[in-house]
Amino acid sequence: MTRGRFITLEGMDGAGKTTHLEWLKERLQTMGIALKVTREPGGTALGESLRGLLLDSHESRQPETEALLMFAARNEHIAQVIAPALFAGQWVLCDRFTDATYAYQAGGSGMDWSRITELERWVQGDLQPDLTLYFDLAPEIGKTRTRAAREPDRFEREQLDFYARVRAAYLRRAQEHPQRIRVIDAARTIPEIQIELENIISNI
Ligand code: TMP
């Protein structure tokens, strides 16, 4: 039995990740590929509970705490869902994975990059995605897509700075892993992006 392919999707809000995930899912299923679609944080009962805790609460917390919770959820997700599916020959399409921890907890929130590398080695061992599609978009464009354009206030300015750091960290990851991570210019139209995705999946 050959191991399935592990594909992850990354990008900021407004970059169209969800739309492209749906399209990819249908496209791969039409090709007759047995597929497991999942997400992080989440994918297991524990992971979904941690997702609720992480995303619904606005109380301030250390980025290290967030990263530890992300990796706790990830450990369970790999053991219960990702590894069994891959070894059964299924492909796994995962909405976000460890690149998001580098981007958000290190890039956005300033946590030490190398600590994440330690957690990555510990939790993942040799497991890495075969392909990561990173939908790249300037934060200003992401914002204007989700809301009418106007001058950002101070809070929004801080948010834009945060997302600029998130983006820079994603781009750093892409530079460090050029074989795995494909940077997709998400400022283009959906049909233009789909042509590129079609090309990428027909070559893996
Ligand atoms: P999304 O699934 O709707 O894109 O949202 C997930 C949120 O969780 C998003 O703001 C990014 C964040 N996140 C992290 O901060 N670190 C991580 O490791 C992961 C997987 C997600």
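The values are calculated or read from the model by the stated rules, or taken from the named source; none is laboratory data. Since the structure is predicted, the reported quantities are computational estimates derived from the model, not experimental observations. Cβ atoms come from the backbone with ideal geometry, glycine included; neighbour counts cover every protein chain shown. Accessible surface is based on the protein model in full, side chains and every heavy atom, while ligands, DNA and RNA are left aside. Shrake-Rupley method; radii C 1.70, N 1.55, O 1.52, S 1.80 Å.
Could you order M31, M70 by accessible surface area, starting with the largest, using a probe radius of 1.4 Å?
Greatest to least solvent exposure: M31, M70.
Run the reach check for K143 against aspartates and glutamates, Cα to Cα strictly under 20 Å, same-chain hits fewer than 8 apart removed. What comes back?
E10, D13, E151, D153, E156, E158, D161, D185
Under the classification rounded if a/c is under 1.5, otherwise prolate if a/b is larger than b/c and oblate if not, where does the chain fall, given a ≥ b ≥ c as square roots of the Cα gyration tensor eigenvalues?
oblate
Could you do me a favour and compute the accessible area per residue for segment 6-201, 1.4 Å probe, result in Å²?
On a per-residue basis, segment 6-201 sits at 50 Å².
Where a Cα-Cα gap under 17 Å defines reach, which lysines qualify for K25, not counting those fewer than 8 residues away within the same chain?
K17, K36
Once you have the Cα-Cα distance between D185 and L68, take 0.36 nm times their residue separation minus that, and quote the gain in nm to one decimal. Write down the numbers at each step before the final one.
Details: separation 117, 0.36 × 117 = 42.12 nm, distance 3.07 nm.
So the extension gain works out to 39.0 nm.
How would you order 13-22, 34-43 from highest to lowest mean count of nearby Cβ atoms within 10 Å?
Those peptides, ordered most packed to least, come out 34-43, 13-22.
Could you rank E64, E156 by how accessible they are, 1.4 Å probe, largest area first?
Ranked list, largest accessible area first: E64, E156.
Treat each spin label as a single point 7 Å out from the Cα along the C-beta direction, and report the F87 to I141 distance in nm.
Here the modelled spin labels are 4.2 nm apart.
Gain in length, Q175 to L127, computed as 0.36 nm per residue apart minus the alpha-carbon separation, to one decimal in nm?
That pair, Q175 and L127, stretches by 15.3 nm at full extension.
Please give the Cα centre distance for segment 80-133 versus segment 137-204, rounded to the nearest Å.
Each part's Cα centre sits 19 Å from the other's.
Report the calculated FRET efficiency for R27 and H58 (r = Cβ-Cβ distance, R0 = 25 Å), to the nearest 0.05.
Details: r = 37 Å, r/R0 = 1.47.
Once rounded, the FRET efficiency stands at 0.10.
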